[in-house]
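Comments concern the structure below.
The values are calculated or read from the model by the stated rules, or taken from the named source; none is laboratory data. Being a predicted model, the structure only gives us computed values, none of them experimental. With ideal geometry, Cβ positions are generated from the backbone for all residues, glycine too; neighbour counts draw on all protein chains shown.
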Amino acid sequence: MMRTVPELPEVETVRRGLQHLLGTSSVIARIELLRRDLRRRLPAALATHFTGQPITALGRRAKYLLFETPVGTLVSHLGMTGTWRLAQPGAEREHDHCYVHLRDGRRLAYRDPRRFGMLELQLPGAVLPVLKLLGPEPLVVEDFHATYLHGRTRGRAVALKTLIMDQRVVVGVGNIYAQEALFRAGLKPARKARTLRRAELERLVAEIRTVLTEAIAAGGSTISDFRQAGGDGGYFQHNFQVYDRAGQSCAVCATILRGGVVGGRGTSWCPSCQR
DNA sequence: CGAATCACCTGATCGC
DNA sequence: TGCGATCAGGTGATTC
């Protein structure tokens with residue numbers, strides 16, 4: 001099955017799946033840490049801090065999942081290969097790093113083969129340093145708009161694609177949706193950020209928002225063990241127009257899509273549609 | 001300071 | 001068939 005790295009739509013899909021599973025009355029019995037050396041070392045306090053606490057809400061900030069409890073928040077980043085799933089006895093898998101045992105007997109498992117993800121503990125009233133640096137949510141219209149983005153592009157020589165993947169500028173956009181949004185906006189990934197005109201900034205903001213919204217509606221691009229009711233996982237991957245399509249023809253103008261490296265990552269674009 | 005590059009990690013894929 | 005090389009990329013550190 002095709003897997004893609006979790007960006008905002010995939011994390012939001014996981015959040016909804018978890019929220020559906022957990023409802024509003026799930027209580028944590030205990031947390032079991034199988035190995036702590038993920039991208040950052042998991043705090044040992046995770047194992048005991050949440051014992052007996054209800055999960056009052058399932059939130060999301062950028063690509064971080066937030067398990068809210070009265071004594072703090074379990075913050076989870078999926079990195080590139082992280083997944084949450086329900087794992088009943090016997091369903092253990094290699095690379096399961098954390099089990100959240102619920103009082104009703106169910107067990108949530110965090111699995112992450114590459115260990116690029118992380119779990120953190122955030123106390124009430126505190127904000128983790130990694131969350132402090134984050135830019136605006138792209139789907140919050142009053143926070144993310146052309147005027148804001150103009151301020152962040154001024155004087156910046158950085159490639160446009162790198163800019164919109166910078167989580168300090170705007171959150172949730174990774175290598176896939178950056179490429180898709182730039183294609184839709186008709187902007188070349190390597191374009192220097194400072195050269196954008198007002199109308200182009202407006203298009204970029206609009207297309208980032210649109211592609212993320214469409215992807216959320218499609219349940220993301222398949223990555224998760226959580227499924228929408230009656231569905232079989234996300235299906236937005238069928239809507240990719242440039243991602244991983246270098247050498248194939250543009251869906252709009254049939255020009256052969258180009259491939260290269262921008263910001264150290266594989267990138268493809270239409271040399272005709274994108275300027 | 002901003003921009004570019006590297007490191008982290010495992011599984012899938014490719015070429016010989 | 002086997003095996004080493006290569007690639008994938010979110011994020012934070014390092015280098016230029």
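Observations on the model:
- Unique match (being in a loop (DSSP other than H, G, I, E, B), modelled with pLDDT under 95 and in contact with an Asp or Glu (Cβ under 9 Å, 6 or more places away or on another chain)) among A:Gly230, A:Gly234, A:Gly247: A:Gly234
- From the list A:Thr4, A:Thr24, the one residue that fits, being modelled with pLDDT under 95, polar (S, T, N, Q) and touching a strand residue (DSSP E or B) at 6+ places or on another chain (Cβ under 9 Å), is A:Thr24.
- Residue-level analysis places A:Gly220 among those that are touching a Pro at 6+ places or on another chain (Cβ under 7 Å), in a loop (DSSP other than H, G, I, E, B) and at pLDDT below 95.
- Segment A:12-76 holds no strands (runs of 3 or more DSSP E) entirely within its bounds that carry 3 or more residues that are of a type in the set (D, E, K, R), in contact (Cβ under 8 Å) with a residue 24 or more places away in the chain and within 16 Å of DNA strand C (Cβ to nearest atom).
- Inspection of segment A:81-95 identifies at least one residue that is more than 16 Å from A:Gly17 (Cβ to Cβ), at pLDDT below 95 and within 13 Å of DNA strand C (Cβ to nearest atom).
- Scan segment A:260-275 for residues that are within 26 Å of the chain's Cα centre (by Cα) and more than 15 Å from DNA strand B (Cβ to nearest atom) and the total you get is 4.
- Screening A:Ala178 on (1) within 16 Å of DNA strand B (Cβ to nearest atom); (2) farther than 19 Å from A:Leu78 by Cα; (3) out of contact with any strand residue (DSSP E or B) (no Cβ under 8 Å at 6 or more places or on another chain) shows it passes everything except condition (2).
Residue-wise test of (1) touching a strand residue (DSSP E or B) at 6+ places or on another chain (Cβ under 9 Å); (2) near DNA strand C (Cβ under 10 Å from one of its atoms); (3) at pLDDT 95 or above; (4) more than 22 Å from A:Asp244 (Cα to Cα).
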| residue | (1), (2), (3), (4) |
| --- | --- |
| A:Asp143 | no, no, yes, yes |
| A:Leu149 | no, no, yes, yes |
| A:Arg154 | no, no, no, yes |
| A:Leu163 | no, no, yes, no |
| A:Val205 | no, no, yes, yes |
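- Search result, residues across segment A:3-40 that are closer than 30 Å to A:Tyr177 by Cα, within 16 Å of DNA strand B (Cβ to nearest atom) and of a type outside the set (Ser, Thr, Tyr): A:Arg3, A:Val5, A:Pro6, A:Asp37, A:Leu38, A:Arg39, A:Arg40
- Among the candidates A:Arg115, A:Arg103, A:Arg107, A:Arg152, residue that is on the phi > 0 side of the Ramachandran plot and of a type outside the set (Gly, Ala, Ser): A:Arg115
Residues are listed down the side, and each one gets a yes or a no for (1) outside the structural domain of A:Tyr64 (by TED's automatic domain parsing); (2) touching a Lys or Arg at 6+ places or on another chain (Cβ under 7 Å); (3) modelled with pLDDT of 95 or more:
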{"residue": "A:Glu120", "(1), (2), (3)": "no, no, yes"}
{"residue": "A:Ala181", "(1), (2), (3)": "yes, no, yes"}
{"residue": "A:Ala185", "(1), (2), (3)": "yes, yes, yes"}
{"residue": "A:Leu196", "(1), (2), (3)": "yes, no, yes"}
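- Per the listing A:Arg103, A:Arg93, the residue uniquely over 28 Å from A:Gly174 (Cα atoms) and of a type in the set (Lys, Arg) is A:Arg103.
- Flag for A:Leu149 being touching a residue at least 40 places away in the same chain (Cβ under 8 Å) and either in the same structural domain as A:Val205 (by TED's automatic domain parsing) or among the hydrophobic types (A, V, I, L, M, F, W, C) (or both): yes
- A:Met118 being within 22 Å of A:Glu12 (Cβ to Cβ), within 16 Å of DNA strand B (Cβ to nearest atom) and in contact with a Pro (Cβ under 9 Å, 6 or more places away or on another chain): no
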